[in-house]
Every structure is written in C-alpha cells, then in structure tokens.
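Scroll down for the structure; my scribbles are underneath it.
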Amino acid sequence: MNNSFQILVQNASDVEGRGCPIDLSLDFPISELMERNGFSWKNSSDGSVMLGNCNFNIFKQSFFVIHGWSVDTWIDSLVAAIFHRHPHSNVFVLNWLDLAQVRYARAVRRGHQVARHIAAFIDWLNEQWGYLPKRIHLVGFSLGAHVAGFVGSAVSRGQIGRITGLDPAGPIFETAPPDKSLSPDDALFVDVIHTSIVGPAGLNFSMGIQRPVGHQDFYPNGGTYQPGCDWSIAYENVGKYGLAQTLKCGHERAVHIFVDTLRSKYLPPAYPCSSLEEWQRGNCLKCNKSTCPLMGKEVK
C-alpha cells in the first residue's frame, strides 16, 4: 500500500502554481522525514527562512488547503484568491489524493492518520522556528474540513488560529461525537459554510453535514438548494455537465462562495436563526452590525 502524500509550499511569485513539494509518508515520523530529505531552516536576507528550497516567511500568516475524498480545479482558484487577499502569506496545499481515493469509510480512517502527520508537521514548525499555530488558518472542503478538525485537535503545542470548513461532509459525520468530526474545540475560531444539507428526493442523506459544527455556521440559501444546482433540474444538468459535476454542484458551491469573500470587499451578512423552519417563517430578518456576522470575515 502506498502511504505517501505531499505538501506543496506555494507563494505569490509562483505564477505556474507548481509549488515546492515536501514528500511525506504515514510510515515515518515527521522529524525523520524532514531530516532525511534535507529540510532544515536557514535564514535569508529578506526575513524568510528556507525549508530546503521552499520559501517560507516566519513573519506572515500561513494557510493550509485540504481537499476531500476527491479533488478538482477549485484548488487553484482558492489558492489564487488567498494570495489576492494575503499576497505575502505562506500557502501549504495538502495532496493526499492517493490515500483518499478508496472506499469512503477507509478514506475517513486515513484522514485521521494524515491529520496526525500534518499536526506533527505544524508542531515541528513551532519547535524548529517558534512559528505559532495561532498564525495558521486551515481551509478544508468536504472530508477535508473534518481532516482540518482532526489536525486542530492533534496539534500538541498551542492551538490553531482558525479553521474554515467548506460544506463539511455529512456521511459518517452527521451523528459523530465532537472528537470524531470538525468541532469548535479544534481551533480558536471555526467558521463553516453549509451549502448541501439536502440530498436527492427519496434519499435519506446529504453530501454536506446538516448540524452546526463551528463557532459560526453559515447556511447560504438555507444551506439547501443553491442556484443552478436544484435537484429538480438534475437530469438536465447531467446532460450538460455530467453526473459527477451535477452531484457536486451544491456541495462545491461552498468553495466558490468562500473564494468570493476573499476577492470581494463586500462580505454578505448572515441572519442569526435557530433553525431553517424559523427562517422560513420570517422570524429571523432583524439585523444590525452587532448581531449579524459577516460570512468570511477575518478574525483578528
């Protein structure tokens, strides 16, 4: 079994998006892997440090982008949006696709293993150069959102600053306890965007988790049917875009909404509400600056 995975270290000057790869494996501890591959810290004149030949600025915020059970072109647009808002940040893109593309339940188990290694890598950053985890923002989509939570709970030196869960996966996790899914305990601040909490008619499941799992949970359009993704036009969309894209339409909408919050100066306000039913009754329409959080707002 191939237990290898990879982190790509990217910066805004990497216009081709190839990144600087750090090869990891579930079979070896992080410290051994970093030493074996010659990744040591070296000062450079501009205040950054070197992870081998990978530029890393210890004075800037870091983002970790974590895909889920599968991966698509949204990663490139998300990374570009992060650099648009934070041009001097460090961006780590986790590629664990070879480990994730197995039966879903097995992928979940592997997600726990990968998360422990990423947490050890973050602890290693702290130990080697004093880079505090509170300066790290984990962004995970679907199963990757829960992997981000597993990373946060496994970090042993301090606490992750922020986790953004983009439509965290629903299957297996809907009834899972907090230590087995993304939860508010996993970072100093956890915000979540839910976009597919309703599945196809007649099927008792949804691709995205329904229950709140963060400090702030946002449900655009109630978290149910997103524009252009309604299951009532699914057959039409299958003909246009194929089955896979049709199934992922509402699920991936969370990514595109988050990308928009990074690129736009306008952040949409959210109306606090106890339930979708209360919202549909029109009982949650009062809003002012102090009571209505902004989706995508940065936490200081």
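Just a few scattered comments:
- Neighbour net charge for S89 - beta-carbon separation under 11 angstrom, K R +1, D E -1: +3
- Seen from G165, the other residues with C-beta closer than 10 Å to its C-beta sum to a net charge of -4, counting Lys and Arg as +1 and Asp and Glu as -1.
- Residue exposure proxy: M207, M295, ordered by other Cβ atoms within 10 angstrom of their Cβ from fewest to most, comes out as M295, M207.
- Global form of the stretch 68-149, assessed from the alpha-carbon gyration tensor, a/c cut-off 1.5: oblate
Read-outs: derived from the displayed coordinates by stated rules, not from any lab. Note that this is a predicted model, so its numbers are computed, not measured. Positions of Cβ are generated from backbone atoms using ideal geometry, with glycine treated the same way; all protein chains shown enter the neighbour counts.
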